[in-house]
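Comments concern the structure below.
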Amino acid sequence: MLRQFLSKLPRKSGKSDSPELTRSTSCTTAGSTPQPHRSNSLNLGSGRPCAPKRTSSAVFPASVVAGIEPLLPFKDVPNSEKMNLFVSKVSLCCVTFDFTDPTKNLIEKDVKRQTLLELLDFVSGSVRFSEPAILAMCRMCAVNLFRVFPPNYRSVVSNGGENDDDEPMFDPAWPHLQIVYDLLVKFITSSCLDAKVAKKYIDHSFILRLLDLFDSEDPRERDCLKTILHRVYGKFMVHRPFIRKAISNIFYRFVFEIERHNGIAELLEIFGSIISGFALPLKEEHKIFLWRVLIPLHKPKSLGVYFQQLSYCVSQFIEKEPKLCSTVIRGLLKYWPITNSQKELMFLGELEEILEAINMVEFQKVMVPLFWRIGCCINSFHFQVAERALFFWNNDQIVNLIAHNRHMILPIILPALEKNAQNHWNHAVLNLTINVRKMFMEMDDQLFISCHIHFKEEEAKVSILAEKRKEAWKQLENAASLKPIAGNTAVLPFPVTCFYVFSVLLYGILIASLERSWGGPCSDLCELYVSTNFVNSLTLTYTVVPISVDSIFLATLD
């Protein structure tokens, strides 16, 4: 096995060839049988050893060719031959091994490890890299790093990575991979690397395959990839638009197709630093990225995994251009979680940060649907959600915004406060509700009294309508009991029943859609005109009488 590994080395020759001839054109995999791709191994398939190449006998003495010793260290060769030796060492490292079995190829693995460490020390120096050296380096990194991961079955079971009890999975090949990653970082950040030459090999294809590695389950690998992509974005300005577009495509696929990806947090962290470098005024493409990418990223169930990085990206946009506050708030209201209390807490936290930075003009654009949603949160039976919403009144900036717009906000919030004060089960929420009521009374006593009177009147109307509905159903039950079904006579003719049920369902769907789109109640926008007359034959005939949409019931009975 060692002989096969060292057969990668060029044979001795009487005279030196150019660096172009020292480049490796293919790679060798240790072992006699091909192995499938694995996320935790570096097997890339078996292949024949590379054809030997001629080079200086001072670089490759006969003892090395015989397979007794590894390559000479860089310090033992003249400066004129160091780049040839670098290319040969890099080509030697294209041989890959199976790290799932720690007992296989121990000697060969150690030789490769020592060679990689030598290369790491050499790259940290001040030798200018030739084009063949850049090509060989990029090829070696591709051979060792680029691989296809198996399907992430654990993510499917754990609902997209929400299960915090899952232990991170570590790649058994990581001690080897880490050296390759460190070598790539040193290579890219080296002042001796000519970006104009390197961009031919660190191209779009190389970057796309680098981005694919962000789906690795090993957090250590994702952290290294984050550093490398940072450096690539900083060094190769020509690739910046492509990198942004490629990352956006990963986000699109995550949100609208698979909802499973291990590297969303790291990619958002990279984008956070990219956003901080955007010039003002913001380009239209950057605003589109905010609306079409960052806002929809609030939708997936696994939001908690990357929420901190996402919130930072959004805050960077708002810091750059405060006028975007109303846009972001509308987006949050659009994707507001209804049945997920933990996500609702995250939304409330992000909303408070945005309200701290919003100006009065932008606040007034969204305050009606915003406080309608906050009112719903105040009435939540999940005490943490209700408590977090009431904590808004502990923020002086938000209280100041509310005070200047109290004539619009108090009529929306007061019903929620009164319902909490009457029947909320949690004492902490109850106390906070009473404190908020006192704050509104201190702001404007007359307005509070007026809104309270209006609330009591509306509550009385609702109570009366409820009693009428209850009495109507009671009369209907009594009438039905007095005239039991005889023979095959139907109580409600089928067409009439279907029409009534279909109308009510269609209306309910319409109202729900409008409320979700507009972020507020829509029941005051239209009325349902349905009433019934109960005929002796127990059939229904329709008349047109307006009633409130909040109390759909049989209005009149003869």
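In this entry, GLU167 is excluded by the filter for residues that are more than 15 Å from the chain's Cα centre (by Cα), farther than 16 Å from ILE134 by Cβ, open to solvent by 30 Å² or more (accessible area, probe 1.4 Å) and in contact (Cβ under 8 Å) with a residue 60 or more places away in the chain. Restricting the range 182-209 to residues that are part of a helix (DSSP H, G or I) and over 23 Å from ARG244 (Cβ atoms), the residue that is farthest from the chain's Cα centre (by Cα) is VAL197. Which of the residues belonging to the range 200-217 are closer than 29 Å to HIS261 by Cα, open to solvent by 10 Å² or more (accessible area, probe 1.4 Å) and out of contact with any His (no Cβ under 7 Å at 6 or more places or on another chain)? Within the range 200-217, TYR201, ASP203, HIS204, SER205, PHE206, LEU208, ARG209, ASP212, GLU217 meet the criteria. Restricting the first member to the range 414-438 and to residues that are on the phi > 0 side of the Ramachandran plot, and the second to residues that are surrounded by fewer than 20 Cβ atoms within 10 Å (Cβ to Cβ) and acidic (Asp, Glu), no beta-carbon pair is closer than 7 Å while six or more apart or on different chains.
Looking at ILE250, ILE275, ILE188, ILE243, can you tell me which residue is open to solvent by less than 10 Å² (accessible area, probe 1.4 Å) and free of Cβ contacts under 8 Å to residues at least 40 places away in the same chain? Working first, answer last.
Numbers: ILE250 fails: open to solvent by less than 10 Å² (accessible area, probe 1.4 Å); ILE275 fails: free of Cβ contacts under 8 Å to residues at least 40 places away in the same chain; ILE188 fails: free of Cβ contacts under 8 Å to residues at least 40 places away in the same chain.
The match here is ILE243.
Every test in (1) open to solvent by 50 Å² or more (accessible area, probe 1.4 Å); (2) over 26 Å from GLU387 (Cβ atoms); (3) of a type in the set (Lys, Arg); (4) in a helix (DSSP H, G or I) is passed by ARG260 save one, and that test is (4). Selection of helices (runs of 4 or more DSSP H) fully inside the range 291-383 by the criterion of at least 1 residues being of a type in the set (Ser, Thr, Tyr) and open to solvent by less than 50 Å² (accessible area, probe 1.4 Å) returns 303-320, 325-334, 341-357. Of all the residues in the range 384-405, those that are buried (at least 21 other Cβ atoms within 10 Å of the Cβ) and of a type in the set (Asp, Glu) number 0. How many residues are charged (D, E, K, R) and open to solvent by 90 Å² or more (accessible area, probe 1.4 Å) when one looks only at the range 411-438? So the answer is 2. Within the set MET408, MET441, the sole residue that is open to solvent by 70 Å² or more (accessible area, probe 1.4 Å), of a type in the set (A, V, I, L, M), part of a helix (DSSP H, G or I) and without any contact (Cβ under 8 Å) to a residue 40 or more places away in the chain turns out to be MET441.
Does the range 45-54 include one or more residues that are within 30 Å of SER216 (Cα to Cα), modelled with pLDDT of 90 or more, open to solvent by 60 Å² or more (accessible area, probe 1.4 Å) and not aliphatic (A, V, I, L, M)? Looking through the range 45-54, none of the residues is within 30 Å of SER216 (Cα to Cα), modelled with pLDDT of 90 or more, open to solvent by 60 Å² or more (accessible area, probe 1.4 Å) and not aliphatic (A, V, I, L, M).
The values are calculated or read from the model by the stated rules, or taken from the named source; none is laboratory data. Treat the numbers as computed from the prediction; the structure is a model and nothing was measured. Using ideal geometry, Cβ is built from the backbone for each residue, glycine included, and neighbour counts are taken over all protein chains shown. Only protein heavy atoms, including side chains, enter the accessible area calculation; ligands, DNA and RNA are left aside. Shrake-Rupley method; radii C 1.70, N 1.55, O 1.52, S 1.80 Å.
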